[in-house]
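Q: Here it is, the structure, as structure tokens.
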Amino acid sequence: MSEQATRTEASVSQLRCIGCGRTALPDRFRCETCRDLLEIIYPGWDARGPYGLDATSLKKLWLDRRSSFEPVDISGVWRFREVLPKIAEDKVITIREGNTPLYELPHCAQSAGIKHLFAKHQGMNPTGSFKDTGMTTAASFARAAGYEWVACASTGNTSASMAAYASRGGLRSLVLIPDGKISWGKLSQSLDYGAITCQLKTDFDGCVRVLNEVVERMPVYLLNSVNPYRVEGQKTVAFELLEQRGWESPDHIIVPGGNLANSSAIGKALREMKELGFISRVPRISVIQAEGANPLVRSVRENGGEKLIPVHAETMATAIRIGNPASWKKALRVIRETGGTVEQVSEVEIALAKAEIGAEGVGCEPASAVTLAGLKKLVKQGFVARNETVVLVLTGHTLKDADFTLKFHRGDLFEGTSYEAEGKGLKPYQRSPLVLEPSVEAVIDLLGSAKS
Ligand code: F0G
């Protein structure tokens, strides 16, 4: 740890209920009085700032750490440790997460009808999704608290990430996933990294219900995104994004919505950055869901977001196949505070957007592509202006769901579904693999015809 940080005082964190506002709560996941979710606050920041440092000193300290070889400095999460809860360095489990690239997407920008479009690619994390940034913090806290077992219910990415961090930290892990409803790539990761993996004959929401009871009865630490330490780690993507942009806010950040923790985390980071004087303007945050897994969109449209309307979720973007999102109140608060919105996109719109992001040489998994599909709608509605700078948060790597990509390019993704007719319109974007005789002429002929 750098000297400057050790000389100053640690940021003491507390748990606060997002519903009733009670503070200094015991280390649980819900308020014992009103059952709402908890969030981490840092009461000392008001008077002294994190570790007694101001925004200018912190920006410099974090940049200086980029030339260090210490694991906690190399980590793109722990590099920002002054804005995270304090943890002993020997308890930190890091696989060098974070430090993900910010790519410009000129062709997608053109397709959406705006000038400046970027992708913050969280799929470039060690296990291929944004989950690693929150898992490093929460798994480290599990280890520091002396837990032997950690567990999560998952649509595949949380489980892959948890399995990896648990094993790296010497913890045992239990994964509950919906049988047959996650990509085999994600399932294989959880097996490979050494988790006990159970496929339950239910959906994600059913897995959550079972796990919530298991953790009540057993000394197992819950690593779902209701865990506020995960949200703290996931915050760092916004610090890193702003650092990459010279601390200049984009106009709009667009995030996929599943269990709705990621949008909450990014919003919390931006709120903190504004309060601490890192930025003068907070970008809008909008959340995009799949039409078949749209509880937040429905709730906002049908009752102004007063009450969550759970849905039976169905989408090929299996990562966000979630009907009863735990963090909906946190996400809604962020959308309202920043002046963002919620939108939904169809299966065909998701497939097209994914192909367009792939064709930029970047690629992402289907759930991440809802961001571009949603942006197109927001531009058409006039909610996003053509001269705005927009950042899409791409949450998962393209190899997370290779099956989807292969089916898309072979032209059978929508075969036998109600989207079959509409899906035919995607033909110009499909590049089916070609089978040729092993002859030089055949390849040269092909190149000739491909040129025209
Ligand atoms: N994108 C990807 C690739 C995801 O895996 C998830 C969630 C989301 C977006 C949605 O993020 O839940 O914070 O709104 N995946 C979870 C999982 C639920 O178990 O891997 P969120």
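The values are calculated or read from the model by the stated rules, or taken from the named source; none is laboratory data. Since we're looking at a predicted model, the values are computed, not measured. Glycine gets a Cβ as well: all are built from the backbone with ideal geometry, and neighbour counts include every protein chain shown. What goes into the accessible areas is simple: the full protein's heavy atoms, side chains included, and nothing from ligands, DNA or RNA. Shrake-Rupley method; radii C 1.70, N 1.55, O 1.52, S 1.80 Å.
Q: Accessible area per residue, 1.4 Å probe, Å², for the stretch 310-401: what's the number?
A: Values: 2830 Å² over 92 residues.
Per-residue accessible area for the stretch 310-401 comes out at 31 Å².
Q: Amide H neighbours of Glu365 under 5 Å, counting only residues 5+ apart in sequence or on other chains, H built in-plane at 1.01 Å?
A: Counting only residues 5 or more places away or on other chains, the set is Gly396, His397, Thr398.
Q: Using the Cα atoms of the chain to build a convex hull, what is its mean projected area in square nanometres?
A: On the way: hull surface 93.2 nm².
Its average projected convex-hull area is 23.3 nm².
Q: How many angstrom separate the Cα center of the stretch 66-88 from the Cα center of the stretch 126-166?
A: That distance is 17 Å.
Q: In whole percent, and with a 1.4 Å probe on the protein chains, what portion of the accessible area of the chain is carbon and sulfur? Intermediate values should be presented prior to the final figure.
A: Numbers: 9720 of 19030 Å².
Carbon and sulfur: 51 percent of the exposed surface of the chain.
Q: Once the Cα atoms of helix 440-451 and of the chain are each reduced to a long axis, what angle between those two axes, in degrees from 0 to 90 to the nearest 10, is obtained?
A: The angle comes out at about 80 degrees.
Q: Report ³J(HN,Hα) in whole Hz for each residue of the stretch 204-209, in order, from the Karplus equation J = 6.51 cos²θ - 1.76 cosθ + 1.60 where θ = phi - 60°; Gly and Pro get x.
A: Rounded to whole hertz, the list is 4, 4, x, 4, 4, 4.
Q: Output the relative contact order of the stretch 148-248, whole-number percent, from Cα pairs under 8 angstrom with separation of 6+ residues.
A: Numbers: 148 pairs, mean separation 30.2, N = 101.
The value is 30 percent.
Q: Please name whichever of Ser75, Pro85, Pro106 sits farthest to the positive end of the charge dipole of the stretch 4-122, dipole taken about the Cα centre and charges placed at Cβ: Lys and Arg +1, Asp and Glu -1.
A: Pro106
Q: With a/c under 1.5 counting as rounded, go ahead and sort the stretch 26-89 into rounded, prolate or oblate using the C-alpha gyration tensor (a ≥ b ≥ c being the square roots of the eigenvalues; past the cut-off, prolate if a/b is larger than b/c, else oblate). Don't skip to the end; give the middle numbers.
A: On the way: a/c = 3.44, a/b = 1.78, b/c = 1.93.
Oblate is the answer for the stretch 26-89, as a/c is 1.5 or above yet b/c matches or exceeds a/b.
Q: Also: Taking the Kirkwood radius as the inverse of the mean 1/r across Cα pairs, report the Rg/Rh of the stretch 380-426. Please list the in-between numbers first.
A: On the way: Rg = 15.5 Å, Rh = 13.6 Å.
Expressed as Rg/Rh, it is 1.14.
Q: For the stretch 104-236, what is the accessible area per residue in Å², given a 1.4 Å probe and the full set of protein chains?
A: 36
Q: Whose amide H sits under 5 Å from the amide H of Thr100, counting only residues 5 or more places off or on another chain, with H placed in the peptide plane?
A: none
Q: Residue by residue through the stretch 20-34, which ³J(HN,Hα) values in whole Hz follow from phi under the Karplus form 6.51 cos²θ - 1.76 cosθ + 1.60 (θ = phi - 60°), with glycine and proline marked x?
A: 8, x, 4, 10, 6, 7, x, 5, 10, 10, 9, 5, 6, 8, 10
Q: Okay, moving on. Taking the Cα centre of the chain as origin, sum charge times position over the Cβ atoms of Lys and Arg (+1) and Asp and Glu (-1), and report the length of that vector in debye to the nearest 20.
A: On the way: 55 positive and 52 negative charges, 186 e Å.
So the magnitude is around 900 debye.
Q: Moving on. Where does the charge balance sit around Asn387 when Lys and Arg score +1, Asp and Glu -1, over other residues with C-beta under 14 Å from its C-beta?
A: Working: positive: Lys115, Arg386; negative: Asp251, Glu388.
With Lys, Arg at +1 and Asp, Glu at -1, the neighbours total 0.
Q: Follow-up. What whole number of Å gives the distance from the Cα centroid of the stretch 310-386 to the Cα centroid of the stretch 169-242?
A: Distance between centres, Cα-based: 22 Å.
Q: Under 5 Å between amide hydrogens, which residues at least 5 positions from His252 or on another chain qualify, with H placed 1.01 Å from N in the peptide plane?
A: For His252, whose amide H was placed from the backbone, the distant partners under 5 Å are Arg284, Thr389, Val391.
Q: Related question: From the Cα gyration tensor of the stretch 270-391, with a ≥ b ≥ c the square roots of its eigenvalues, which class applies: rounded if a/c is under 1.5, or else prolate if a/b is larger than b/c, or else oblate?
A: Oblate shape, in that a/c is at least 1.5 and b/c is the bigger or equal ratio.
Q: Choose one of Ala331, Thr371, Val348: the residue whose Cα lies farthest towards the positive end of the charge dipole of the stretch 320-388 (beta-carbon charges +1 Lys, Arg; -1 Asp, Glu; about the Cα centre).
A: The residue sitting farthest along the positive end of the dipole is Ala331.
Q: Further question on the same structure: May I ask for log10 I(q)/I(0) of the stretch 156-248 at q = 0.11, 0.21 Å⁻¹, from a Debye sum over the Cα atoms as equal point scatterers with solvent left out?
A: The computed values of log10 I(q)/I(0) come out as -0.38, -1.06.
Q: How high is the relative contact order of the chain, in percent, with contacts defined as C-alpha pairs under 8 Å that are six or more residues apart?
A: 15
Q: Follow-up. Quick one: helix 157-168 against the long Cα principal axis of the chain, what's the angle to the nearest 10°, folded into 0 to 90?
A: Once rounded, one gets 50 degrees.
Q: Counting alpha carbon pairs within less than 8 Å and at least 6 residues apart, what relative contact order, in whole percent, applies to the stretch 76-206?
A: Working: 220 pairs, mean separation 26.1, N = 131.
Normalised by residue count, the contact order of the stretch 76-206 is 20 percent.
Q: While we're here: Modelling each spin label as a point 7 Å along the Cα-to-Cβ direction, I'd like the Gln199/Asp445 distance in nm, to one decimal.
A: Between Gln199 and Asp445, the simple spin-label model gives 4.3 nm.
Q: About the Cα centre, and with charges only on the beta carbon of Lys, Arg (+1) and Asp, Glu (-1), how big is the dipole of the stretch 49-197? Nearest 20 debye, please.
A: Working: 17 positive and 13 negative charges, 40 e Å.
Computed charge dipole of the stretch 49-197: roughly 200 debye.
Q: If you don't mind, another one. Tell me, what ³J(HN,Hα) does each residue in the stretch 213-225 have, in order and in whole Hz, if you take phi through Karplus 6.51 cos²θ - 1.76 cosθ + 1.60 with θ = phi - 60° and put x for Gly and Pro?
A: 6, 4, 6, 5, 9, 10, x, 10, 8, 7, 10, 6, 6
Q: Further question on the same structure: May I ask for the angle, rounded to the nearest 10°, between helix 261-275 and the longest principal axis of the chain, with both axes built from Cα atoms and the value confined to 0 to 90°?
A: Tilt relative to the chain: about 50 degrees.
Q: Further question: Please state the shape class of the stretch 54-200: rounded when a/c is under 1.5, otherwise prolate if a/b exceeds b/c and oblate if not, all from the C-alpha gyration tensor.
A: Details: a/c = 2.63, a/b = 1.13, b/c = 2.33.
It is oblate, given that a/c is not under 1.5 and a/b is not larger than b/c.
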